[in-house]
């Protein structure tokens, strides 16, 4: 279905770039992105794409030159002004690569603001590849229409996490003991504006970690139902539920 | 942490079997399951496992014999009586294999009752392998603690779906136009006891399909937020949200 004003007024294809975006400028894009646009999506000189960089909003651009090592985009007009998209944070014990890819992709679609790997005592060491994580967030942001990328923070130890925890953000943590508050009620009555979800590793938190979370005033134990959820399922269910009952899925 | 009564009172490993379960009986298990128990999980003669078949509750069993072609379990005592677990239905346009595996696994963890592939006009034909889908539901049910498997129904055309729709079940469908009701509010105020979620294919529903859904009294258009969700993300977000606000995540 062609939208009013024709396809060019809002081309479907969106790409993320690093550089500033301003009307009348041109923007070189690298070989991989050019390959995607020209070879995979079969765009031609003059065709439109949507471009965003996380800071300057979303722009209509046209393919201005195509060469062997990349292409050049001409930035035309602003389609959407920049917004903050300050989504909830996801704190997760690193999981295996395919599950991590999945969690990062889905969390980006669900509007996560910060991705923070956390090393708990039972976390099985996983090599984190920040470039790979970032590529996942870019692809998901391009596809889902976000104007920002989630921020990927370096991994940190659980033990230091609570000592500098921000006062304006509730740390919801998945409590598998059944003692947590039902998540929907906990989210709907949260007293702080921001939210973060801490999902434990396979095998759960250690007793000492649970005790520290229970005693921490900024934390709320939540219950995610009667079944044992895998870590990535729990993370995505918590994010979607938050957006629906307390976040940006509510009608503006 | 060893539960009261010792490890054997509730072994962690759960397996699904087909045959009836009753105390004092023995249960042959096939080579693949025996391999998993003996070689992968390193269980020995006399070790306990939990066994369920979707009908007779969950039983403590012990490994009674190990042979080349399988093993024999001795069924000991009932651990949990059978419950119905009548979860919401998921109606989905088949997606590619890895995404389908993921959707089936996560939907099982989130308590889905029925998995119904639906062929809409824009569905790109995908070969469905019912045995593979069933294996995914078994593995996920074993892991998450369910007492039942979701029912996998044969694929059907969208066009026939509404003609025999059950009167006691709301058909929530993901409306990408922005005209749907915010999902949390729609779920919290549903008038029928049962729920089903219809998730369209990549590319969405055709205009005629949308019109039929809009005119159908048993259907409610829902909105899943400002970002474009992939089909499997939408399915899992809807299922988790339903369980949290209207389903079995609410405190009993």
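The values are calculated or read from the model by the stated rules, or taken from the named source; none is laboratory data. Here the structure is a predicted model, which means the values were calculated and not measured. So basically every Cβ, Gly included, is an ideal-geometry build from the backbone, and we count neighbours across all protein chains shown.
Every test in (1) within 14 Å of chain B (Cβ to nearest Cβ); (2) under 20 Å from residue A:122 (Cβ atoms); (3) more than 17 Å from the chain's Cα centre (by Cα) is passed by residue A:216 save one, and that test is (1).
Scanning segment B:76-99 for residues being under 19 Å from the mean Cα position of the chain (by Cα) and more than 29 Å from residue B:39 (Cα to Cα) gives a total of 16. Within this structure, residue B:86 fails the test of being assigned to a helix (DSSP H, G or I), within 14 Å of another protein chain (Cβ to nearest Cβ) and touching a strand residue (DSSP E or B) at 6+ places or on another chain (Cβ under 8 Å). For residue A:121, the requirement of being surrounded by 22 or more Cβ atoms within 10 Å (Cβ to Cβ) and part of a loop (DSSP other than H, G, I, E, B) is not met.
Over 17 Å from residue B:112 (Cβ atoms) and over 24 Å from the mean Cα position of the chain (by Cα): is that true of residue B:225 in this structure? The answer is yes for residue B:225. Here B:119, B:60, B:78 are screened, and the one residue that is away from every other protein chain (no Cβ under 14 Å), in contact with a helix residue (DSSP H, G or I) (Cβ under 9 Å, 6 or more places away or on another chain) and at pLDDT 95 or above is B:60.
For segment B:58-75, the count of residues that are in contact (Cβ under 8 Å) with a residue 60 or more places away in the chain and either within 25 Å of the chain's Cα centre (by Cα) or in a strand (DSSP E or B) (or both) is at least one. Scanning segment B:226-252 for residues being touching a residue at least 12 places away in the same chain (Cβ under 8 Å) and either more than 22 Å from residue B:205 (Cα to Cα) or more than 7 Å from chain A (Cβ to nearest Cβ) (or both) gives a total of 14. When residue A:126 is tested against (1) in contact with a helix residue (DSSP H, G or I) (Cβ under 6 Å, 6 or more places away or on another chain); (2) farther than 27 Å from residue A:51 by Cα; (3) more than 12 Å from chain B (Cβ to nearest Cβ), just one condition goes unmet, and that condition is (1). Among residues that are facing chain A (nearest Cβ under 9 Å) and surrounded by fewer than 18 Cβ atoms within 10 Å (Cβ to Cβ), residue B:185 is included. Could you check how many residues of segment B:131-150 are over 19 Å from residue B:51 (Cα atoms) and either touching a strand residue (DSSP E or B) at 6+ places or on another chain (Cβ under 6 Å) or crowded, with 16+ Cβ neighbours inside 10 Å (or both)? Residues that pass the stated criteria total 1.
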